[in-house]
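The values are calculated or read from the model by the stated rules, or taken from the named source; none is laboratory data. Quick caveat: nothing in here was measured; it's all calculated off a predicted structure. Please note: Cβ atoms are built from the backbone with ideal geometry, for glycine as well, and neighbour counts cover all protein chains shown. Keep in mind that these areas ignore ligands, DNA and RNA; they rest on the heavy atoms of the full protein, side chains included. Shrake-Rupley method; radii C 1.70, N 1.55, O 1.52, S 1.80 Å.
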Amino acid sequence: MFLALRELHFARSRFSLMGGVVALIAVLMVMLSGLSSGLVNDGVSGLKAQPVDAFAFAEGTKTDSAFSRSIIDVSQVDVWADRPDVAAAEPLGSMLVNAHSSTDVPVDLALFGVEPGSFLEPAVAEGQRLGDPHGIVVSQTVLDDGLAVGDTLTIDRVGTELTIIGSTGNQHTFGHVDVAYLPLTTWQEVHSGASAGEEVRADAYTEASAVALQAADGRAIDLAAGDAAAGTSSKTLVESFGASPGYSAETSTLMLIQVFLYAISALVVGAFFTVWTIQRRHELSVLRAMGASTGYLLRDGLAQALIVLLASTLVGVAIGVGSGALLASTPMPFALEAPAIGLAFILLIGLGLIGAAFAIARIAKVDPLKALGGQR
């Protein structure tokens with residue numbers, strides 16, 4: 001690295017400018033990864049909190065809205081429960097509702113109807129467990145917004161009154177709406193559309209949105225065989241994230257932005273080193289004339305690019321993490337996760353080196369005779 005280190009010192013202003021551009025791209029990558037992780041958590045943290053291996057929906061339900069469109073019969077739950085590869089199968093009701101408190105404060109909720117005592121019942125950090133037919137356990141963020149255990153919420157569409165009996169202690173959201181757990185029978189009454197005091201149709205008590213499945217110890221659930229027997233369409237827990245409102249559109253948009261940023265970083269680094277290689281052609285010709293091999297010059301140039309990329313990316317990541325830590329305390333859905341930041345760090349350096357390699361490949365064409373006046 002005889003030439004590379006001396007050039008870094010001699011042309012430090014130009015390399016600093018290049019490093020600043022890479023650092024800004026690194027900041028953007030950290031911020032985008034934090035926003036992406038935050039949106040995922042804000043969209044499906046309620047599903048992530050479930051001790052579930054897979055969900056079975058009604059056959060033929062549209063994939064990106066399965067939780068809101070699917071309606072299964074409880075008899076299908078029994079079919080899944082009888083399978084040897086399933087440890088437990090429980091019905092789960094899911095719907096988004098608008099409500100208001102006794103002080104007319106508007107509240108948006110994702111109602112999760114579960115059987116009290118089942119593996120779907122949430123752990124309660126404050127208050128009592130599900131048991132009261134009109135009691136609900138809410139996400140901690142609902143209480144953080146000014147409500148309290150004991151407050152009554154009224155569902156706008158049907159007028160059903162629900163009393164907050166506890167909280168999960170954590171942020172559980174679904175489709176960017178706070179989750180509220182309630183007994184399945186109460187969910188069925190709300191889902192049927194019957195107003196408070198009206199008679200609920202009999203078949204409403206046999207409906208749910210999906211079958212929540214737990215695999216037997218040491219076994220994987222044969223989803224295809226189970227679907228054939230129960231007449232359902234099942235997905236693993238991770239695959240079911242795409243069935244939550246807006247999840248696929250949000251994640252694909254952010255992923256596309258990240259891909260373009262990675263491509264831009266490779267092009268920017270490649271363009272810089274292309275110009276830089278052209279400017280240092282004379283010095284490279286001299287080294288070739290002195291006996292330096294093409295491999296030596298390539299290693300020297302790539303090491304120079306690696307130093308610039310490492311230093312600038314580290315600075316950019318540090319700035320991004322610091323800025324992200326401030327955003328994490330705001331209502332914005334933002335979450336810094338080490339694996340996502342690490343992946344962005346590796347990709348940014350790797351793609352930058354690829355872009356630089358294409359530019360530095362010009363070194364192989366350098367004619368040492370130019371350093372000796374052979375072109376005259």
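Values computed for the structure shown
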| quantity | calculated |
| --- | --- |
| Hits in segment 331-356 - residues which are open to solvent by 60 Å² or more (accessible area, probe 1.4 Å), part of a helix (DSSP H, G or I) and under 26 Å from VAL44 (Cα atoms) | ALA338, PRO339, LEU343 |
| Candidates LEU130, LEU109, LEU92 - the one that is crowded, with 17+ Cβ neighbours inside 10 Å, over 18 Å from LEU153 (Cα atoms) and either of a type outside the set (S, T, N, Q) or in contact (Cβ under 8 Å) with a residue 40 or more places away in the chain (or both) | LEU92 |
| Selected residue (only one of SER37, SER70 is among the hydroxyl-bearing types (Ser, Thr, Tyr) and in contact with an Asp or Glu (Cβ under 6 Å, 6 or more places away or on another chain)) | SER37 |
| Residue identified as surrounded by 20 or more Cβ atoms within 10 Å (Cβ to Cβ) and either in contact with a helix residue (DSSP H, G or I) (Cβ under 8 Å, 6 or more places away or on another chain) or outside any loop (DSSP other than H, G, I, E, B) (or both) among VAL268, VAL321, VAL308 | VAL308 |
| Top-ranked residue in segment 178-212 [being buried (at least 20 other Cβ atoms within 10 Å of the Cβ), among the hydroxyl-bearing types (Ser, Thr, Tyr) and touching a Phe, Trp or Tyr at 6+ places or on another chain (Cβ under 7 Å); ranked as nearest to SER244 (Cα to Cα)] | SER209 |
| For LEU120: the one exception among (1) open to solvent by 50 Å² or more (accessible area, probe 1.4 Å); (2) under 28 Å from THR251 (Cα atoms); (3) assigned to a loop (DSSP other than H, G, I, E, B) | (1) |
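Yes/no per residue for (1) within 26 Å of ASN41 (Cα to Cα); (2) at pLDDT below 85:
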{"residue": "PHE241", "(1), (2)": "yes, no"}
{"residue": "GLU250", "(1), (2)": "yes, yes"}
{"residue": "GLY270", "(1), (2)": "no, yes"}
{"residue": "ARG280", "(1), (2)": "no, yes"}
{"residue": "ALA303", "(1), (2)": "no, yes"}
